[in-house]
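Have a look at the structure below, then the notes.
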Amino acid sequence: MSELSQLPLIDQQPRPTVTDQIFTEIYRQVLTLELLPGTKMSEIDVAKAMGVSRQPVRDAFYRLSKMGFLLIRPQRATTVSLISPRAVFQARFIRSALEKETARIAALKFKQDDLRALKALIDAQDAAIIEADKTKFHQLDDLFHREICVRSGLEFAWELIYENKGHMDRVRILSLEFALREAWDDHVQIFNAIAAQEPDQASEAMQTHMARILGQIDRIRAAHITLFEEEV
């Protein structure tokens, strides 16, 4: 028997590294404001809490700093970055440009199964509003936008959106203190346009939805001034 025939099969399923797992959890907590802007972070404390060595924590911190979510200052405390209105506007611009087109394509391509899946998410969002569960609504909000991309055959677009939406997410979380129903109403308008196979209307409804943050950010900043960078 050939020696090569005795080689084991390789499990080709990608597995997250320790650094990936640390990064994902801290990133989640930063975006959901479980870790508020200005919070001090310590490699030693995180390593101890997560039962890992300092190196993967250092690597995760570096990745987060490159994305603008951690401020690393040698010989001083590492902190969660304050919310940058400029970064929020940039993230919104990218999302709006991509999602207007995904909504347009969804209106042309969605079948009944796709519409039923999207309607189920809207109904679940309505239930989350009744329960005043902002965390659940935010999760369902992300799923709603993701499903429009993925079911349109544009999963790559969602990957780009996901990579760029983080700075907008922190403000979106704060907006849900007063704008849950408004966000849901926007989703209904987007859904109705897609279901009616009206691509221009779907794109316009998505653009209106993405522009909401521009009218909300001053109110949010006034209520949470310590979480934001000072105007330059």
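The values are calculated or read from the model by the stated rules, or taken from the named source; none is laboratory data. Remember, it's a predicted structure, so these values are computed and weren't measured experimentally. Here the Cβ positions follow ideal geometry from the backbone for every residue, glycine too, while neighbour counts run over all protein chains shown.
Before moving on, here are some points about what is shown:
- When segment 63-121 is limited to residues that are in the same structural domain as residue 156 (by TED's automatic domain parsing) and aromatic (Phe, Trp, Tyr), the one that is surrounded by the fewest Cβ atoms within 10 Å (Cβ to Cβ) turns out to be 93.
- Top-ranked residue in segment 64-73 [being within 14 Å of residue 41 (Cα to Cα) and not β-branched (Val, Ile, Thr); ranked as modelled with the lowest pLDDT]: 73
- Of the criteria (1) crowded, with 17+ Cβ neighbours inside 10 Å; (2) closer than 14 Å to residue 99 by Cβ, which one residue 175 fails: (2)
- Residue satisfying all of: in segment 199-222; out of contact with any Lys or Arg (no Cβ under 6 Å at 6 or more places or on another chain) and more than 27 Å from residue 127 (Cα to Cα); surrounded by the most Cβ atoms within 10 Å (Cβ to Cβ) among these: 221
- Matching entry among 105, 130, 148 (being among the β-branched types (Val, Ile, Thr) and out of contact with any helix residue (DSSP H, G or I) (no Cβ under 9 Å at 6 or more places or on another chain)): 130
- Any pair with Cβ under 7 angstrom, 6 or more apart, that starts in segment 51-67 at a residue that is closer than 10 Å to residue 18 by Cβ and ends at one that is surrounded by 14 or more Cβ atoms within 10 Å (Cβ to Cβ) and of a type in the set (Gly, Ala, Ser): 53/47; 57/47
- The helices (runs of 4 or more DSSP H) located wholly in segment 8-126 that include 1 or more residues which are under 30 Å from residue 152 (Cα atoms) occupy 18-31, 85-109.
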